[in-house]
Structure formats: structure tokens, C-alpha cells
1. Pull out the extension gain between Lys294 and Glu97, defined as 0.36 nm times the separation in residues minus the alpha carbon to alpha carbon distance; nm, one decimal.
2. Of Arg106, Arg142, Arg119, which is the most mobile in a GNM of the chain whose springs link Cα atoms less than 10 angstrom apart?
3. Please turn the phi angles of the range 128-139 into ³J(HN,Hα) values with the Karplus equation 6.51 cos²θ - 1.76 cosθ + 1.60 (θ = phi - 60°), one per residue in order, whole Hz, x for glycine and proline.
4. Work from the charge dipole of the range 94-158 (Cβ charges, +1 for Lys and Arg, -1 for Asp and Glu, about the Cα centre) and give the residue of Leu107, Ala154, Leu131 farthest towards its positive end.
5. Which residues' amide hydrogens lie under 5 Å from the amide hydrogen of Glu97, considering only partners 5 or more residues apart or on another chain, with H built in the peptide plane?
6. Mind scanning Lys171/Lys229; Lys137/Lys294; Lys49/Lys155; Lys210/Lys283; Lys49/Lys229 and naming the pairs with a C-alpha gap bigger than 30 Å?
7. So what is the relative contact order of the chain, in percent, for Cα pairs below 8 Å that sit 6 or more residues apart?
8. What are the equivalent ellipsoid semi-axes of the range 64-192, built from the alpha-carbon gyration tensor (square roots of five times its eigenvalues), in whole angstrom, biggest first?
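Since every read-out is calculated from the coordinates, none of them should be taken as a lab result. As the structure is a prediction and not an experimental result, all values here were calculated from the model. Neighbour counts are summed over all protein chains in view; Cβ atoms, including those assigned to glycine, are modelled from backbone coordinates with ideal geometry.
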Amino acid sequence: MTFFYKNLLRPLIFKLEPENAHESACQFLKLMTSLPLVCELMSRYNSVKADNPVKLFGLEFPNRVGLAAGMDKNGELAKAIEGFGFGHIEVGTVTPEAQPGNPRPRLFRDLASNGLINRMGFNNKGTENMLYALEHKYPKGRRGVPLGVNIGKAKSTPLENAVEDYLKCFKVLADQADYFTINVSSPNTQNLRQLQSREYLSVLLDSIQKENLAYAKKMGRAPHPVLLKIAPDLTYQEVDIILELLLDYNYSGIIATNTTIQRPNSIGIIEMGGYSGGDFLNKLSLDMIRYISKSTLGHLPIIGVGGINSPRTAGEMLNAGASLIQIYSSWIYEGPFFPRVLAKALYQSEKEWIN
């Protein structure tokens, strides 16, 4: 299957403009979603369930491989995506209201490094559309894997009002999210990364956690797990501030990392935006995960993301301190069944290590 994809199917897909190819893939997944029997058969065939599920922040993950936010921006494709072997799915980034994102073209392939550059700008249909999609296509309680909702602020919202955007996303989608991810690290919404500074982040984390606790009390349940997704371009001093705040406000974990504004020397294209995939980002993310794990003595759960394109790089991410991993670019470059391959390899490796 891998040979067929890389040598026959991928060359045809890569003849399409990248965002057109993405939209074609989404249309295929939408078709799958409308065929419940197909989704069920795919899930049965590709599902990888460890003997002991990964238990993290109150959730159970059948395997360690998840899909990073960005593929399913509106929560319309999760049922189909589950069928390719993922152990969790993150949808979004979603903003309170629909927004078109940045002008096209805004997605580019770097074939020299098996990477992508994107400057999408949180293009999505808004929270109400996502709520409807999840309720009707992948409702809570009828899922095979946990679903995370990645939330952000609108392009037009000033930084001083950003908290309200995140709170609205949380309130609208709380009934359907298994966990939330706060995205303050995309490089494609102007000034968004400033929310990683103490001045803004302290208020944001405090406000969301208060809303989370109020919702939990109202519903008579445990608070939602909430994670923060950070950039790979932070200094260690900046990371220290973030970790201090996450621990102070009792956050569930951290996702390391988002795309980078840095570039590998071997890059084949010059475009603005966040770079993902490839060994260059993988090294940045690995360094960040090692630092976070050592700084927190392993007490803050980490989801590792960035340049994971093989069982080896996935294993290195886990050895560095991550409990789960997420992929995106490698799903495009390695093929649709790569999540299953990766999850099986990690499961087998852990089983051999235990024995």
C-alpha cells in the first residue's frame, strides 16, 4: 500500500495545487462520513488498540498516535478520520464566528524536505457550525477515540479582547469536546504569538480555567482537560514562564509544538508562513519536549508534534518525554494508512520492551 501511494497515487495528487489537493481529500472524507458502514469497516480494519490504553488527563487513548489540528478545521470529518488508525483526533482551529483566513495561495509543499509551509490564518466556519457537525456526525459518547477541539481568536479581535473569543469557543463547544487545546502559537494570525507572554497568558489561562470549573460544577462532572499549544521558536526563558503559569493554574498538559517561522538550509521554496514536517522541525520540537519534561520532572503531560515521519522519529518523541504524539504533514507524504503503521510499530515496540 505504501509503495502504491508513494509511486502512483501521490505523484497524481501532487500535480494539484496544495490547497486544492487538501479540499479534494476533505471531499473524499466527507463522502466516507456519509457511509457509516464504510467508516465502521475501516475502523475495524485499521484500529490499533494497545492491551493497556494510554490513560492521560482522565481520558483513554487506544494508541499513542493522533491527528494534529488543521486537517479537519470544522469537525466535519472526524468519523472518517478515525477509520485510518488514529488514537485521537484534534479538530480546528476554530474561532467564534466564520472567517475566510488569509488570501490564497497559502499552502505550499517543500519537496526538498518533505515539509509544508502554510499561512492559512484560521480559515473555518465558526463554532456553531462545528457544534452542529460534531453533534450530528461524531457525537460525544459514540466515538471510538477522544476528540480535542483546538480554539483560537479571530483575526479582527484585538489582543486585549482575545480572552472573550477563547471563552466563547469554550462555552459553545464544551458539550462536545473531550479536551480543549488553546492555540496561541500559530504564526499566521497577526500578533497571536504575543499571547504566549506572561502579560496576556496569565489572564487567558485564568479566565478559561474559571469557566472550565464553573461548567464542571454546573454539569456535575470533572473539568475538561485543557492543554496549551506552544511555538517551537520560544526561548527557554519564555518556556519557563509558560510552564510556571500552566502549573499555577492547574492545566492538564502542553502540546509541543506548532509550526516554526525558522527555515532549514535545504528548503526549496521561499514563502511566508509556518513550516511543518521534516527533520528540521523535528529537532526543534524534540529539544523543546526534552526541556519541558526535565523542567517539570515529567509532571506535565506532553503531546509531541513536529516532523514525525517514521517509527524512529515517533519513538524519539516518546523517549524525550511525550506521552502522545500527533502528525499532519507525514499523513500527506507517507500516505493515508501511515497512522496505522506508526501506531502498530509503537505498540509492538512497547510490548517487546515490557516483555
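1. Details: separation 197, 0.36 × 197 = 70.92 nm, distance 3.90 nm.
Separation in residues times 0.36 nm, less the Cα-Cα distance, equals 67.0 nm.
2. The residue with the greatest mean-square fluctuation here is Arg142.
3. Running phi through 6.51 cos²θ - 1.76 cosθ + 1.60 with θ = phi - 60° gives 5, 5, 5, 4, 4, 4, 5, 4, 9, 10, 8, x Hz.
4. Farthest along the dipole direction, towards plus: Leu107.
5. Hits under the 5 Å cutoff: Thr127.
6. In this structure, Lys137/Lys294; Lys49/Lys155; Lys210/Lys283 exceed 30 Å between Cα atoms.
7. Worked out over the chain, it gives 18 percent.
8. 23, 20, 12
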